[in-house]
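The values are calculated or read from the model by the stated rules, or taken from the named source; none is laboratory data. Worth saying up front: this structure is predicted, and the values here are computed from it rather than measured. Every residue, glycine as well, gets a Cβ built from its backbone with ideal geometry; the counts of neighbours run over all protein chains shown. For accessibility, only protein heavy atoms count, side chains too; no ligands or nucleic acids. Shrake-Rupley method; radii C 1.70, N 1.55, O 1.52, S 1.80 Å.
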There are 2 protein chains.
Amino acid sequence: MPLHLADVARGVRETQYAVRGPIVARAAELERQGRRIIYCNIGNPQSLGQRPLTFLRQVLALAEWPALLDGPAASAFPEDARAAARRALTESPYGLGAYTESKGFRFVRDAVVEFIRRRDGIPADAEHVFLTDGASKGVQSVLRLLVDGPADGVMIPIPQYPLYSASITLLGGTQVPYYLDEAREWSLSREALETAHAQAVAKGIRVRAIAVINPGNPTGAVLDAANVEMLLDFARKHSLAVLADEVYQENVYRPQDRFVSFASVLVRRGIDDVPLFSFHSVSKGLFGECGHRGGYLESRNVHPEVMAEVEKLQSVALCANSAGQLVTWVMVNPPRPGDPSFPLYDRECKEIFESLRRRAARLQQGLSAIPGIQCNGLTGAMYAFPRIQLPPGRTDAQYCLALLEETGICVVPGSGFGQLPGTFHFRTTILPPDDEIELVIEKLSAFHASFTRA
Amino acid sequence: MPLHLADVARGVRETQYAVRGPIVARAAELERQGRRIIYCNIGNPQSLGQRPLTFLRQVLALAEWPALLDGPAASAFPEDARAAARRALTESPYGLGAYTESKGFRFVRDAVVEFIRRRDGIPADAEHVFLTDGASKGVQSVLRLLVDGPADGVMIPIPQYPLYSASITLLGGTQVPYYLDEAREWSLSREALETAHAQAVAKGIRVRAIAVINPGNPTGAVLDAANVEMLLDFARKHSLAVLADEVYQENVYRPQDRFVSFASVLVRRGIDDVPLFSFHSVSKGLFGECGHRGGYLESRNVHPEVMAEVEKLQSVALCANSAGQLVTWVMVNPPRPGDPSFPLYDRECKEIFESLRRRAARLQQGLSAIPGIQCNGLTGAMYAFPRIQLPPGRTDAQYCLALLEETGICVVPGSGFGQLPGTFHFRTTILPPDDEIELVIEKLSAFHASFTRA
């Protein structure tokens, strides 16, 4: 007999992933029917007009077809892009066509070490850096290590990025939600952590780890050093591993905020008893290279034998894709002042950053001005997660579907990320171009009034 | 406290993956100490001198940096490579930098449909084609669908490619081994299948699926249409899904053999009650583009709701890498006679094929001539799996480690693939260049004599 839904493993059926869920499927259907859709559901910058960085793509083109380096076309490339490609092809004599080490190219892992040293002033160990197909695959590997059944719990923020809830469900583990405080700009409190942990322990859950997203997705909140230290202290007290999702580390928009990595606080405070896994990605920041699936994980206070298990997990599917590893290399090892490509690279990065900051501010301002919508300051990441007042009996899923049908704007209901019971939200990216941001605000304003009147 | 091995989930610790296991780790260690290592452990053609196909890499370079299309460097590219890149950039207006659909670029999936039509003369449905990061990720997704706990069994050939055993262990399912008949060129018999199935059922296992690798890895055996039909009939009788691993479909070396896809037999025989998942990859065949992690899965007799679950699994980690999707596109949509690039493309492919065939024949001949080693004909794929006579008490793991230490040749013990109890084997690729193949045969011959004398 053909295979039916009832034949599918329960864990798979129970998994939910709203960012590409039914509302997004409906958007694609409407688009095929000729409707114009504004996709605000996913942090996919290049699909909304962001251009790739020239230097990066020059290096990739040369690495893909090295004959360009020696032919007459070589003059189309600046000297430092050619030098970078030559360096990559020396370090990886088989170019991009062979399986890499399961952990990823050694020279890229060395460059990650140097990147962390430059960023945080702390040492790192290339043997504890693994290159991954985007940050998501790294997160899934680490969760796989730690979750062995329904008694194993992982603390996740609410609201959270559904990679965490979906992966924990797929692994048959238990989500242990801790609430971020919307009234205080989605801040993290020790009290909320302790409450969540105690409730899980009371249910017999063995809490193994805590995931933290900084800057926050979908909240945009940026943790300061005291927050990070508090969380590490909490993790130590309860013997938890920390998963630090730091993919938005470059997306911090307010001058008074600064990204503080978990690794830097761990090292500065001499914390040697909290296992830490940090994740980074080429998909966000200023690269926005989502399609290339590049990223890395870095571990601290994790025994090499455990990293050998991560390596084994990676090796079953062989290695992260080689082009994505090269994108990671350029991200952590960009042109420096004085290099021929530096002025253009620097200008492109600054333009992207300023544009993100401008759109974040405009969206926050526009959303906040709509009666019945409250929106915290957009301090980081690529999203707004406004709270919406709904008539009794209506849900944010209904709201988002109606918004799509009536306006063509595709956002994700708050229920996909988690929220305090009785509250409703949606997540929108800040990524549409400036003129579309204006359109989104205008249409949302009219829609919200009509939906809540109805 | 730091994270130790004992903290790692049992399923992870129990997983074994010999192709990149301890012997390979020891080889890397020896190499760092200055020893010359001949890597015969993994089907990684470009790491052993195979060159990438020119047309493919031209298209990739253009897609990575589209400015090449319009600048003076454009003349470095043949017209059809430029046309292909323009087509890709029209179909994917965001180029390679945006997340693709979770299923993969639609135009690539359409090209897969056309490829299957050309290859087999049968229709296919792009909605049942998913692009994956290599075939491995596709296999893992399908196994995840079907395995929900230790009562769920999946039949795997012995010997097998350890992706299957490792993934089933990771998922907490049960391997149901069926033996290939070494005395008959590793052939597949109905009797062996029925025996294996009955034994599993007697133990209370709910057998869900059967995996078949054609051409075989590590055996090289090529199934004929009658074999394929027998297996489909067996699957129907026992309500099993079929996982057809067809990544070596172009690696068939004997003139009397021909690759027969499971899909073609399924359609020709009008079988509408056996769910089939077929897998293909850019890593093998004549491309050998292992680093790019490209491939696809195609399903038949699988309800769209089930494919929606596969899509959800893919969407949690967003999509397969975009460059790998493009490699898949060129593989299924190569230059045709009359295109400017056809003569070079065709010549490069033929050279690679002839070289693989020559090395397979030479290795088989050389191995068979060593007293104490028996080697079936190398009819397909990229490996030899010779049987070795060992002194009492010695294992093939010990043999392979000693071989590495004494000769620098890195092969994988038969125990990593499974074998009849009491028999011993190793797997070597056919991939070293001709002169190294001679060296491998010579050194192996001397080593085998000394190891078995000791």
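Any idea which residue in the range B:114-141 is nearest to B:Ser167 (Cα to Cα), counting only those that are among the charged types (D, E, K, R) and assigned to a helix (DSSP H, G or I)?
So the residue we want is B:Lys137.
Return yes or no: is A:Arg144 open to solvent by 10 Å² or more (accessible area, probe 1.4 Å), part of a helix (DSSP H, G or I) and within 10 Å of chain B (Cβ to nearest Cβ)?
For A:Arg144, the condition - open to solvent by 10 Å² or more (accessible area, probe 1.4 Å), part of a helix (DSSP H, G or I) and within 10 Å of chain B (Cβ to nearest Cβ) - is met.
Evaluate the following for B:Leu48: is it more than 8 Å from chain A (Cβ to nearest Cβ), more than 15 Å from B:Leu344 (Cβ to Cβ) and either modelled with pLDDT of 90 or more or open to solvent by 10 Å² or more (accessible area, probe 1.4 Å) (or both)? Let's see the steps before the verdict.
Details: more than 8 Å from chain A (Cβ to nearest Cβ): yes; more than 15 Å from B:Leu344 (Cβ to Cβ): yes; either modelled with pLDDT of 90 or more or open to solvent by 10 Å² or more (accessible area, probe 1.4 Å) (or both): yes.
The answer is yes for B:Leu48.
Which number in (1) facing another protein chain (nearest Cβ under 7 Å); (2) among the polar types (S, T, N, Q); (3) surrounded by 24 or more Cβ atoms within 10 Å (Cβ to Cβ) marks the one condition that B:Ser102 misses?
Going through (1) facing another protein chain (nearest Cβ under 7 Å); (2) among the polar types (S, T, N, Q); (3) surrounded by 24 or more Cβ atoms within 10 Å (Cβ to Cβ) one by one, B:Ser102 breaks only (3).
Restricting to the range A:365-394, count the residues that are under 22 Å from the mean Cα position of the chain (by Cα) and open to solvent by less than 50 Å² (accessible area, probe 1.4 Å). Outline the logic, then answer.
Within the range A:365-394, the first condition is being under 22 Å from the mean Cα position of the chain (by Cα), and the residues that meet it are A:375-387.
Checking which are open to solvent by less than 50 Å² (accessible area, probe 1.4 Å) leaves us with A:375-386.
Total meeting the criteria: 12.
Out of all the residues in the range A:407-428, which are touching an Asp or Glu at 6+ places or on another chain (Cβ under 7 Å) and assigned to a strand (DSSP E or B)?
A:Pro413, A:His425, A:Phe426
State which residue is nearest to A:Leu356 (Cα to Cα) when the search covers only the range A:263-286 and only residues that are open to solvent by 10 Å² or more (accessible area, probe 1.4 Å) and within 13 Å of chain B (Cβ to nearest Cβ).
Top of the filtered list is A:Leu286.
So which of B:Gln160, B:Gln175 ends up being in a loop (DSSP other than H, G, I, E, B) and in contact with a Phe, Trp or Tyr (Cβ under 8 Å, 6 or more places away or on another chain)?
The unique qualifying residue is B:Gln160.
Would you confirm whether any residue within the range B:405-414 is surrounded by fewer than 16 Cβ atoms within 10 Å (Cβ to Cβ) and over 25 Å from the mean Cα position of the chain (by Cα)?
Among the residues of the range B:405-414, at least one is surrounded by fewer than 16 Cβ atoms within 10 Å (Cβ to Cβ) and over 25 Å from the mean Cα position of the chain (by Cα), which makes the answer yes.
Could you count how many residues in the range A:2-29 are under 30 Å from A:Val440 (Cα atoms) and in contact with a helix residue (DSSP H, G or I) (Cβ under 7 Å, 6 or more places away or on another chain)?
Total satisfying the criteria: 9.
Which ones in the range B:68-86 are at pLDDT 95 or above, small (Gly, Ala, Ser) and open to solvent by 40 Å² or more (accessible area, probe 1.4 Å)?
Scanning the range B:68-86 gives a single hit, B:Ala83.
When residues of the range A:300-312 are filtered for being facing chain B (nearest Cβ under 7 Å), within 21 Å of B:Ser165 (Cα to Cα) and open to solvent by 30 Å² or more (accessible area, probe 1.4 Å), how many remain?
Number of matching residues: 1.
When you check B:Ser92 against the structure, is it out of contact with any strand residue (DSSP E or B) (no Cβ under 8 Å at 6 or more places or on another chain), surrounded by fewer than 21 Cβ atoms within 10 Å (Cβ to Cβ), modelled with pLDDT of 85 or more and of a type outside the set (Val, Ile, Thr), yes or no?
Working: out of contact with any strand residue (DSSP E or B) (no Cβ under 8 Å at 6 or more places or on another chain): yes; surrounded by fewer than 21 Cβ atoms within 10 Å (Cβ to Cβ): no; modelled with pLDDT of 85 or more: yes; of a type outside the set (Val, Ile, Thr): yes.
No.
Going through the range A:125-138 one residue at a time, which ones are touching a strand residue (DSSP E or B) at 6+ places or on another chain (Cβ under 6 Å) and either away from chain B (no Cβ under 13 Å) or buried (at least 24 other Cβ atoms within 10 Å of the Cβ) (or both)?
A:Val129, A:Phe130, A:Leu131, A:Thr132, A:Gly134, A:Ala135, A:Gly138 - these are the residues of the range A:125-138 that are touching a strand residue (DSSP E or B) at 6+ places or on another chain (Cβ under 6 Å) and either away from chain B (no Cβ under 13 Å) or buried (at least 24 other Cβ atoms within 10 Å of the Cβ) (or both).
With the condition being under 30 Å from B:Gly414 (Cβ atoms), I'd like the helices (runs of 4 or more DSSP H) fully within the range B:281-394 carrying at least 3 qualifying residues. Steps first, answer last, please.
Details: elements: B:304-316, B:322-332, B:342-368.
Fully inside the range B:281-394 and qualifying: B:342-368.
Can you tell me how many residues within the range B:62-97 are free of Cβ contacts under 8 Å to residues at least 12 places away in the same chain and facing chain A (nearest Cβ under 7 Å)?
7
Does B:Leu56 fit the bill of being within 26 Å of the chain's Cα centre (by Cα), within 26 Å of B:Leu286 (Cα to Cα), part of a loop (DSSP other than H, G, I, E, B) and outside the structural domain of B:Asp434 (by TED's automatic domain parsing)?
Values: within 26 Å of the chain's Cα centre (by Cα): yes; within 26 Å of B:Leu286 (Cα to Cα): yes; part of a loop (DSSP other than H, G, I, E, B): no; outside the structural domain of B:Asp434 (by TED's automatic domain parsing): yes.
No; evaluated as a whole, the condition is false for this residue.
Looking at (1) touching a helix residue (DSSP H, G or I) at 6+ places or on another chain (Cβ under 6 Å); (2) more than 8 Å from chain A (Cβ to nearest Cβ); (3) modelled with pLDDT of 95 or more, can you tell me which one B:Lys237 breaks?
The number of the failed condition is (1).
Considering only the range B:429-443, I want to know if a residue exists there that is outside any helix (DSSP H, G or I), open to solvent by 40 Å² or more (accessible area, probe 1.4 Å) and either closer than 21 Å to B:Ala25 by Cα or of a type in the set (A, V, I, L, M) (or both). Reasoning before the result, please.
Looking only at the range B:429-443, we keep the residues that are outside any helix (DSSP H, G or I), and these are B:429-433.
After this cut, where a residue has to be open to solvent by 40 Å² or more (accessible area, probe 1.4 Å) as well, the list is B:433.
Adding the requirement that they be either closer than 21 Å to B:Ala25 by Cα or of a type in the set (A, V, I, L, M) (or both) leaves none.
For the range B:429-443, residues outside any helix (DSSP H, G or I), open to solvent by 40 Å² or more (accessible area, probe 1.4 Å) and either closer than 21 Å to B:Ala25 by Cα or of a type in the set (A, V, I, L, M) (or both): absent.
Give me a count of the residues in the range A:14-41 that are within 12 Å of another protein chain (Cβ to nearest Cβ) and more than 24 Å from the chain's Cα centre (by Cα).
Looking only at that region, the number is 2.
Residue by residue through the range B:124-152, note down the ones that are more than 16 Å from the chain's Cα centre (by Cα) and in contact (Cβ under 8 Å) with a residue 60 or more places away in the chain.
Answer for the range B:124-152, where residues must be more than 16 Å from the chain's Cα centre (by Cα) and in contact (Cβ under 8 Å) with a residue 60 or more places away in the chain: B:Ala124, B:Glu127, B:His128, B:Val129, B:Phe130, B:Arg144, B:Leu145, B:Leu146, B:Val147.
Taking the range A:153-180 as the region of interest, how many residues are within 14 Å of another protein chain (Cβ to nearest Cβ), in contact (Cβ under 8 Å) with a residue 40 or more places away in the chain and either of a type in the set (S, T, N, Q) or open to solvent by 10 Å² or more (accessible area, probe 1.4 Å) (or both)?
7
Would you check if B:Ala27 is at pLDDT 90 or above and small (Gly, Ala, Ser)?
Yes, satisfied.
How many residues are small (Gly, Ala, Ser), open to solvent by 10 Å² or more (accessible area, probe 1.4 Å) and within 22 Å of B:Gln140 (Cα to Cα) if we restrict to the range B:195-251?
The qualifying residues number 1.
May I ask you to verify whether A:Ala111 is in a helix (DSSP H, G or I), hydrophobic (A, V, I, L, M, F, W, C) and either outside the structural domain of A:Leu180 (by TED's automatic domain parsing) or under 27 Å from A:Pro413 (Cβ atoms) (or both)?
No, not satisfied.
Being more than 7 Å from chain B (Cβ to nearest Cβ) and under 20 Å from the mean Cα position of the chain (by Cα) is the filter here; which residues of the range A:315-329 pass it?
Within the range A:315-329, A:Ala320, A:Gln325, A:Leu326, A:Val327, A:Thr328, A:Trp329 meet the criteria.
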